[in-house]
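The values are calculated or read from the model by the stated rules, or taken from the named source; none is laboratory data. None of these values were measured; they are calculated from a predicted model. Neighbour counts run over all protein chains shown; Cβ positions are idealised from the backbone, glycine included. Ligands, DNA and RNA are stripped out before the accessible areas are found, and what is left, the full protein with its side chains, is counted by its heavy atoms. Shrake-Rupley method; radii C 1.70, N 1.55, O 1.52, S 1.80 Å.
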Amino acid sequence: MNLHEYQAREILEGFGIPFPRGGGVAATADEAKGIAERLGGPVMVKAQVHTGGRGKAGGVKLAKNPAEAAAHASRILGMTIRDLRVEKVLVVPAADIASESYLGVIVDRAVQRPVIISSAAGGMDIEEVAARTPERIQRLSVDPRYGLLPHQATALGFGMYRDVAQVRAAAGIAEKLYTSRKSIPSRRLRMAGW
């Protein structure tokens, strides 16, 4: 099952995984401008295609005002990223990000169980991190009989952060992410750009 970022956000928010509030999906530059006007501050305009690498391809742009959001949307809509045409953009509030971490759940067919992958080295270039510095990536094979245990989630949090509040937040997100994967259809789930 392929999901656009905005669709994945809706599903994950249903499981209590936090995202910045607000935003919307636009199919035209005017719609993007309207969303930016409603949000009332800097926004990110993000191509919605079923692939990663959107930012590097020019499909993710910061807009300081609604006119800039419309201009970015106009350039992004219709562009092709890895042979996929952009038909929609997600317009969300811009956030000042101090650091970026990666957290994901996959099913490892070799061990026939869920594996949680995390890294303090960021999310956008996680493939590059895996290739160049694989020691910066944690892998936790979860026994499905017991699920993700609280001490395991906390250990994942400490692998990404030093601040105890951030560790607790990351552990909570890991637990919710693990829980959500049991409720999402077992077909391949790919969240574009994550």
Checklist outcome for this item: Pseudo-spin-label distance Glu100 to His151, built 7 Å along Cα→Cβ, given in nm, is 3.5 nm
Checklist entry - So what is the 222 nm mean residue ellipticity for the chain from helices alone, if each DSSP H run of at least 4 adds -39500 (n - 2.57) and you divide by all residues, rounding to the nearest 500 deg cm²/dmol? => result -11000 deg cm²/dmol
Checklist outcome for this item: Taking alpha-carbon centroids only, the range 106-150 lies from the range 42-92 a number of Å equal to 29 Å
Checklist entry - What does the accessible area per residue of the chain come to in Å², with a 1.4 Å probe and no ligands, DNA or RNA counted? => result 57 Å²
Next on the checklist: Under a crude label model (7 Å from the Cα following the beta-carbon direction), how far is Arg21 from Thr51 in nanometres?
Outcome noted: 3.6 nm
Checklist entry - Where does helix 29-39 land angle-wise versus the long Cα axis of the chain, in degrees 0 to 90, nearest 10? => result 60 degrees
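Treating only the Cβ atoms of Lys and Arg (+1) and Asp and Glu (-1) as charged, compute the dipole magnitude of the range 95-165 about its Cα centre; round to the nearest 20 debye. Display every interim value, and only then the final one.
Working: 7 positive and 9 negative charges, 78 e Å.
That gives the range 95-165 a dipole magnitude of about 380 debye.
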Checklist entry - Quick one: Kirkwood hydrodynamic radius for the chain, alpha-carbon pairs, angstrom, one decimal? => result 17.8 Å
Checklist outcome for this item: Over the range 103-174, the quotient of the Cα radius of gyration and 2.2 N^0.38 Å is 1.10
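Quick one: putting +1 on the C-beta of Lys and Arg, -1 on the C-beta of Asp and Glu, what dipole do you get for the chain around its Cα centre, in Debye to the nearest 20? Please list the in-between numbers first.
Numbers: 27 positive and 19 negative charges, 84 e Å.
It works out to roughly 400 debye.
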Checklist entry - How big is the shadow of the Cα convex hull of the range 22-92, averaged over all directions, in nm²? => result 3.8 nm²
Checklist entry - Per the 1.4 Å probe, what fraction of the accessible area of the chain, in percent, lies on carbon and sulfur atoms? => result 51 percent
